[in-house]
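Everything below concerns the one structure shown next.
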Amino acid sequence: MLKCDLKTRLGDFLLQLKFSLPSDGITVIFGQSGSGKSSLLNMIAGFDQPTEYGSIHFNDQNWLALSPSGQIEKTSIQHRKIAYVTQAPCLFEHLSIKQSLQYAIDRQHRNTVNDQDSYPSLTDISQYFNINYLWEKFPEQLSGGEKQRVAIARAILSAPQLILFDEPLNGLDENHREQILGHLEKLQQKISLPILYVTHNMEELMRLADRVLVLEQGSLLALKKISDILSDLTLPFSQHQQAGVVISAKVHSYDEINHLIELDLGDNQFLWVTSPSTNHLADEEIRLRVYAKDISLTRQPAKDSSILNIIPVKIIGISESGAGQSIIKLSCRQQNFLARLTNKSIQKLSLKIGDEVFAQIKGIAILGSRI
Amino acid sequence: MLFENNDITAIFLTLQLASISTFILLIIGLPLAWWLARTHHRAKILIETFIAMPLILPPTVIGFYLLLAFSPDNILSQTWENLFSSSLAFSFSGLVVGSVIYSLPFIVQPMQSAYERIPDLTLKTAASLGASKFDQSLSIILPMTKRATIASAALAFAHTMGEFGIVLMIGGNIPGETQVVSIALFEHVESMAYEEAHNLALLLLAFSFTTLVMINTLSGKTKPRVRHA
């Protein structure tokens, strides 16, 4: 559990918030630039301290207790057992890549790892991030993407109890972004460490977050599970061009001939999703993304449609999104979906809150599997 | 014989003085330079100024004040006498004190700017990986500033070798105790022993030249480390 309660002033800017997070999974700290995301991360790391007051606790450790009168008690950076990956990767210029990784291992926050032998080794992690070929090189010889991969690998090798990421994919080209994002998605399977991830990028948010802490101008706007955040009509995400939901569902069966997996939404409601991979396990939990633009609604289920997924849903919210369009919030079993419709269609079908209708889902993307 | 016995004694005394002074300079100068590079203390500019003074003051001025400080009725010199039962004036120890003050800017100034070039984030990253302050100095700061450290130590060493004004004021000309090469050279000229003067002068010239070549190489005027994959 990470508990924060702090207030700090940076010139005219005031950052004041109070929250507590469970210590598992990936929490994305989301907000526009200047919303105080990085400042918050720096204070959790111990790189900065609040100007007014603050208390930060991680599990049973007291990281910071700063009273308004200025009395302070804090844990130094090296004793917080964290790893910090910054936007501009900070490698040690006098060390080769292998020495840099070894640097983290030599100082590994040992008692964090219960079982030393099961913790990924230098070779494991190097292979995972594909940085073996860089071992003998020096930071000045690496590209931006290579540096960031090394920085992330080094962070993990230090065996921290919490990893902090500050927009690690900023400034990288599309290929490198995609490559590293792929590594990060699967990271939780390899090491189950809590991660705080700062970004203002929707794609990273959708693919990585288990829960989201939304900051707006220095205060806490929302702190919820990713599925609740994306489908919340009062938050800006639902108005975004890329609006949509992220849901998790269990694999029910696999249709080998048609490369389709059948996913269980609960209570005998299923979705069909194309998956090129054949090695899905029964009951494996899969993360899916459904964009609002890919859902249309009908009063009656279409009998002769090419669309595979037509499910009964209930309208639980409608929000005007401008330009003659609205976002409709739908519920099916425990899952929520969003649909973007023109106001004209809404009038035509006279849709209103509480109506039971059918959702035709045109596209579903598999984001990654989490066991 | 290239050098007479007296001169050989002076050469060794000078080397000894420069070595001990450089050693003490590193012990005092490196932490001081680090502090100056990181502090926002109001006294910073004042301390920087004091350290830089020997660069522009005539050495005789420093020597004069040191001589006053070393006089037996001064509290500083009394404390020293009580501690080591020897006087600072006209002694080798006095020369070491003088040299340290005289050469301090040659260590502190280049090291301060070398330390200022180390980004804060580098040290914080090391700390987040579990490195204590002491660990950071040995594993990050020292290796990252290795060249600058060697170069400034060499400069301080060479500068101490050539010291004249202060030595004359506080050390006088006692063979085996305070007679360094530059003083011995001066004496040869005074007594018109030009050949001996030539030998010593040439020695200092060659030494200074070699040292400067080494420093320039180290401070990267010729780009040293280019590695190819």
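Worth a mention:
- Inter-chain neighbour count for A:80-88: the average number of beta-carbon atoms from partner chains within 10 Å of each residue's beta-carbon is 3.
- Across peptide B:116-127, the average count of Cβ atoms from other chains found within 10 Å of a residue's Cβ is 5.
- Inter-part distance, the range B:106-126 to the range A:117-138, computed on C-alpha centroids, equals 30 Å.
- Volume per residue of the C-alpha convex hull in the range A:2-230, rounded to whole Å³: 127
- Normalised contact order of chain A, rounded percent, pairs of Cα under 8 Å and 6 or more residues apart: 16
- Candidates per trypsin sites (Lys or Arg not before Pro) in the range B:117-188, loop by DSSP, up to 12 other Cβ within 10 Å: B:ARG117
- The Kirkwood hydrodynamic radius of the range B:24-100, based on inverse pair distances between different Cα atoms, is 14.2 Å.
- Cα-Cα pairs of chain B separated by more than 23 Å (percent): 57
- Under the combined filter of DSSP loop state and at most 10 neighbouring Cβ atoms within 10 Å, the range A:196-291 retains these GluC sites (Glu not before Pro): A:GLU256.
- GNM result for chain B, Cα springs below 10 Å: residue of B:MET169, B:MET192, B:MET214 fluctuating most strongly: B:MET192
- Of A:SER126, A:SER33, A:SER306, the one that fluctuates the most in a GNM where chain A has Cα springs shorter than 10 Å: A:SER306
- If you run the Gaussian network model on chain A, springs between alpha carbon atoms under 10 Å, then out of A:PHE270, A:PHE337, A:PHE165 the most flexible one is A:PHE270.
- Solvent-accessible area buried by B and A, counting both chains, probe 1.4 angstrom, square angstrom: 2000
- Relative compactness, the range A:22-149, computed as alpha-carbon Rg over 2.2 N^0.38 Å: 1.26
- Angle between chain A longest axis and helix A:97-106 axis [Cα atoms, degrees, rounded to 10]: 80
- Under the Karplus curve 6.51 cos²θ - 1.76 cosθ + 1.60, θ = phi - 60°, whole-Hz ³J(HN,Hα) for the range A:162-177, x wherever Gly or Pro sits: 7, 10, 10, 10, 10, 6, x, 9, 4, x, 9, 6, 3, 4, 5, 4
- Applying the criteria of a DSSP loop state and at most 11 other Cβ atoms within 10 Å to the trypsin sites (Lys or Arg not before Pro) of the range B:1-106 yields B:ARG42.
- When each of A:LYS314/A:LYS348; A:LYS37/B:LYS133; A:LYS190/B:LYS133; A:LYS329/A:LYS362; A:LYS37/A:LYS190; A:LYS81/B:LYS133 is checked by Cα-Cα distance, pairs over 20 Å: A:LYS37/B:LYS133; A:LYS190/B:LYS133; A:LYS37/A:LYS190
- Å² of accessible area per residue within the range B:95-173, as computed with a 1.4 Å probe and no ligands counted: 35
- Approximating the spin labels as points 7 Å out from Cα along Cα→Cβ, the B:ILE28-to-B:ILE45 distance works out to 2.5 nm.
- Between 0 and 90 degrees, the angle of helix A:144-157 with respect to the longest Cα principal axis of chain A falls at about 70 degrees.
- If you take the alpha carbon atoms of the protein assembly as shown and fit the smallest convex hull around them, that volume is 222 Å³ per residue.
The values are calculated or read from the model by the stated rules, or taken from the named source; none is laboratory data. Worth saying up front: this structure is predicted, and the values here are computed from it rather than measured. For neighbour counting, all protein chains shown are included, and Cβ atoms are generated from backbone atoms with ideal geometry for every residue, glycine included. For the accessible areas, the whole protein counts, side chains as well, though only heavy atoms, and no ligand, DNA or RNA atoms are used. Shrake-Rupley method; radii C 1.70, N 1.55, O 1.52, S 1.80 Å.
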